[in-house]
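Before any comments, here is the structure.
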């Protein structure tokens, strides 16, 4: 993520110090950072080291930009028009407050403009900002492209009657009954294209899907999640810190409460992670997803395809595994996880599975417990009380190891979806 003001710069320096401590030889030897098996600790260290290198680059770029002479501003290039006044302000060595004073507005207004990359500003006011920064824009008329939006032309989705009914019921997009199939698909493709500006890049599937139309349904679902996340990012209570995993133990312990999943959503928001719950679309087997907003905020999304407490917690921790294990090793591309019971998966998916399993019940505790051999519900309940988690989590692990016919009554079936009905994390 670009560092665009001095507050972000100070926070980046703090995060850098935390990352350096987390991958220090002392932390690695003592194993204080992660209660995980050695191979997962190594993968986690690799991710932290990659984030440290990226942060070093961001810090160096900001320092180099602030040290630049204003005369060098002509040589600067911004990736998008909305970044131009931010880059110019930094190069002029102006704070957000100083720019606000020049413009005769409040500092908070400049902060809002920069947070949205000036997307909400009027053209007249945008020109005022550039003028205050002594920035000139020289327009260039380029050759008109034959195809303005190739994604719309190539996009496909299974618009079966049940899919159309579901999409009209959810009201994400206006899909008039009077329009042809191609016109409806074009509307959906445009919605997806417009939503893509909120994300860093496209998501990767857990398994390779063979049907382009099925992929289209997943693209549409991701677009919906991106819109939800973009609306909620302003309500975040804290900034995400990849070096801090201490709170994950408290997260898992929330499972003992009847409204534990909702409490989990609130705790994620406090730690800078957006949780979005959106049911899967017809003919897809999506369980969850993890990716990044364009400004680097992690998104964890669940479909609740299986309305069970054990499934909620495993899927949630699996997606958090992608966030903490793969932040710079795939999360920038994103993950779409369909059918988490599928055995034929990649190494990254296996790492996320192992992360979830160990965070819910550490392997060393599981290996020392007689609960893994128990035949009684009381044995499951007793071990769950000992480690302070919901019995469904213990029952879910037993079923995965010994057979899915066991302890069905302990899974908390039908106890999750209702918690999120009308609830906005």
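Give me the strands (runs of 3 or more DSSP E) completely within segment 250-312, filtered to those with at least 3 residues that are out of contact with any helix residue (DSSP H, G or I) (no Cβ under 9 Å at 6 or more places or on another chain), ordered by residue number.
none
Any chance segment 69-81 includes a residue that's modelled with pLDDT of 90 or more and not in a loop (DSSP other than H, G, I, E, B)? Give the steps one after another, and end with the answer.
Kept after step one, since they are modelled with pLDDT of 90 or more, are these residues of segment 69-81: none.
No, every residue in segment 69-81 fails to be modelled with pLDDT of 90 or more and not in a loop (DSSP other than H, G, I, E, B).
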May I ask you to list the residues in segment 405-417 that are under 26 Å from residue 278 (Cβ atoms) and either modelled with pLDDT under 95 or surrounded by 11 or more Cβ atoms within 10 Å (Cβ to Cβ) (or both)? 411, 412, 413, 415, 416, 417
Just give me the residues in segment 183-213 being part of a helix (DSSP H, G or I), surrounded by fewer than 19 Cβ atoms within 10 Å (Cβ to Cβ) and either modelled with pLDDT under 90 or on the phi > 0 side of the Ramachandran plot (or both), in sequence order. 193, 194, 196, 197, 212, 213
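The values are calculated or read from the model by the stated rules, or taken from the named source; none is laboratory data. These numbers were taken from a predicted model, which means no experiment stands behind them. Note: ideal-geometry Cβ built from the backbone for every residue, glycine included; neighbour counts use all protein chains shown.
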